[in-house]
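Below you'll find the structure, written out as structure tokens, and then a few comments.
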Amino acid sequence: MSSDAAPKLFPLFADLRGRRVLVVGGGAVARRKVEALLSAGADVVVGAPALEPALAEWNTQARIEFIDGPFAAHWLDDAWLVIAATDEATINRAVVEAADARRIFANAVDDAELSRFHVPARVERGPLQIAISSGGGAPMLARLVREELETRFDESIGALAELLTRHRERIRTRWPDIGARRHGFAKLLSSPLQGLLRKRQHLAAERAFDAALREHETDSTTGSVALVGAGPGDPGLLTLRALRVLNEADVILHDRLVSDEILQLARRDAERISVGKLAGDGGHSQADINALLVKLAQTGKRVVRLKGGDPFVFGRGGEELQALRTHGIDYEVVPGITAAVACGAYAGIPLTHREHAQSLRIVTAHGKEDLDTLDWTSLARGRQTLAFYMGVAGLERIRERLTSHGLAATTPFALVENGSRPEQRVVTGSLADLPALARLHEVRAPALLVVGEVAAFANSLHWFGREPLTRTDAASPSLAAAA
Ligand code: SAH
């Protein structure tokens, strides 16, 4: 049984009402277990040579059954579970072995390895219970998480669980379809209901509940689309609103730029469709995507269109909304952290700075045509920061246009590849060396190019991941060989 890894446990909540559970041991540890078992309605049998005062009293009151004496295997007769709570390891082991022989699940208090089931750390709020386990591998961490949850959920969540339990049947008949129920529920939770419960205004809460139930009778079957920005990759940069919408989704249409970690945060049984397209890989066309969005929403689905960064910054979000509007489909937009903002932050590049840049220009450098239509004279002016999206293929051209329009070849640049992700890399240097350094370090999409004096701050203010790759690296023999 012993190994370095904690076992992966199967979590379950057991209905112990009226079921016989044996607790071996008569001290304070046993008492705590007995107390929890009694509150779950179990028939508790305590076996021990002696009982501490509270247990003795419960025995007098016939709340528990008491077997006096040293442990014997027949104590396990008719038990569903057993807890070994003595302070002697050999006795605990004997109890667990006797239980194993009878296929009865046993727990040895504070001995994860010996235990066949664990009793998790718990947060209880009325009928709502949250159980936490690290499989016995990191009990302190489980405890810490429990403390966090204790502060995160106040008593009102218990009152809410109680109210919902009481009205379970009404909720089911109002929204017979599970999808509609989930949707209605989400709205219910954003209503004043919980605030009222928090203020202990139970009557007003009942009324708010009734109103919410009536209000959503009508709109439960129409589909909708949420256009959601997933940010640059780090799931921590998702907004709370995006998270909520992802939790209500029936279908998620996502780009390739959206990271797996983020997709994992979405509702488990939501269908995921990748409509990713990288420049020139011949994936779905924009028209296909628009048509798919419309079709899914028309069948009553709650669709999330999930895009890297922000949906309105080089995300074609506008085109998708136009298609939805044409077909009269409900939509909302949840902004996300765009690559320029994220890469600036994660590379230590302040995008504006009182001494260096008073404006920020967000530019796409997708193809030659895009580059040809840009106003290079104004881009080549100083005291501004340029953030080029989709520029990896056009770096040579960008340098050439900027310098030929008067921007100094010594102007600093920073190339941020996979910004905010664990594999983030930052390459810094002067504009003159931009294409060579990008080639040397084999920079790949997604990467953002920052040009302007502020880019040099990446060398002194970086804090995330690896240090920036600079010209010095290029001079080192191994990298020079790669060039
Ligand atoms: N809507 C997105 C941009 C889509 S265009 C946003 O707001 O960020 C795709 C381009 O965005 C990429 O070619 C790259 O230039 C940039 N980009 C997106 N995510 C990035 C990341 N994590 N690191 C660096 N650049 C990124």
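Annotation: the antiparallel percentage among DSSP beta bridges lying fully within the range 224-337 is about 5. Note on the chain: with charges restricted to the Cβ of Lys and Arg (+1) and Asp and Glu (-1), its dipole about the Cα centre is near 1100 debye. Whole-Hz Karplus values for the range 36-52 come out as 5, 5, 4, 5, 8, x, 6, 8, 9, 10, 10, x, 5, x, 7, 10, 6 Hz, taken residue by residue from phi with 6.51 cos²θ - 1.76 cosθ + 1.60 and θ = phi - 60°; glycine and proline positions read x.
The convex hull built on the alpha-carbon positions of the range 237-384 has an orientation-averaged projected area of 10.8 nm². Considering only Ser133, Ile362, Gln322, the residue lying farthest towards the positive end of the dipole of the chain is Gln322, judged by Cα position with unit charges set on Cβ.
Between Asp110 and any residue 5 or more places off or on another chain, the built amide H atoms are never under 5 Å apart.
Packing here is the average count of other Cβ atoms within 10 Å per residue, and on that basis the peptides 114-122, 199-207, 447-455, 19-27, highest first, run 447-455, 19-27, 114-122, 199-207.
Shape of the range 156-218 from the C-alpha gyration tensor: prolate (a/c of 1.5 or more and a/b above b/c, with a ≥ b ≥ c the square roots of its eigenvalues). Close amide H contacts of Glu271 (hydrogens built in the peptide plane, cut-off under 5 Å, sequence separation of 5 or more or a different chain): Val251, Ile252.
Rounded to the nearest whole Hz, the Karplus-based 3J(HN,Hα) values (6.51 cos²θ - 1.76 cosθ + 1.60, θ = phi - 60°) of the range 366-373 follow the sequence 5, x, 4, 4, 4, 5, 5, 8, with x at glycine and proline. Among the GluC sites (Glu not before Pro) found in the range 338-397, those both in a DSSP coil and sparsely packed, with 14 or fewer other Cβ atoms within 10 Å of their Cβ, are Glu355.
Close amide H pairs (under 5 Å, H built 1.01 Å from N) link Ile64 with Asn59, residues at least 5 positions away or on another chain.
Here the Karplus curve 6.51 cos²θ - 1.76 cosθ + 1.60, taken at θ = phi - 60°, turns the phi angles of the range 113-123 into couplings of 5, 7, 6, 8, 9, 9, 9, x, 5, 10, 10 Hz, with x standing for Gly and Pro.
For the chain, DSSP calls about 35 percent of its internal beta bridges antiparallel. The mean sequence distance of close C-alpha pairs (under 8 Å, at least 6 residues apart), as a share of the length of the chain, puts its relative contact order at 9 percent.
Considering only alpha-carbon pairs that sit under 8 angstrom and 6 or more positions apart, the relative contact order computed for the range 224-337 is 44 percent.
Relative contact order of the range 105-156, please, whole-number percent, based on alpha carbon pairs below 8 angstrom and at least 6 residues apart.
26
Taken over the Cα atoms of the chain, the convex hull encloses 227 Å³ per residue.
Kindly rank 72-84, 332-344, 175-187, 141-153 from highest to lowest mean number of other beta carbons found within 10 Å of each residue.
The densest-packed peptide leads the list: 332-344, 72-84, 175-187, 141-153.
No value in this document is a laboratory result; all are computed from the given coordinates. These numbers come from a predicted model, not from an experiment. Using ideal geometry, Cβ is built from the backbone for each residue, glycine included, and neighbour counts are taken over all protein chains shown.
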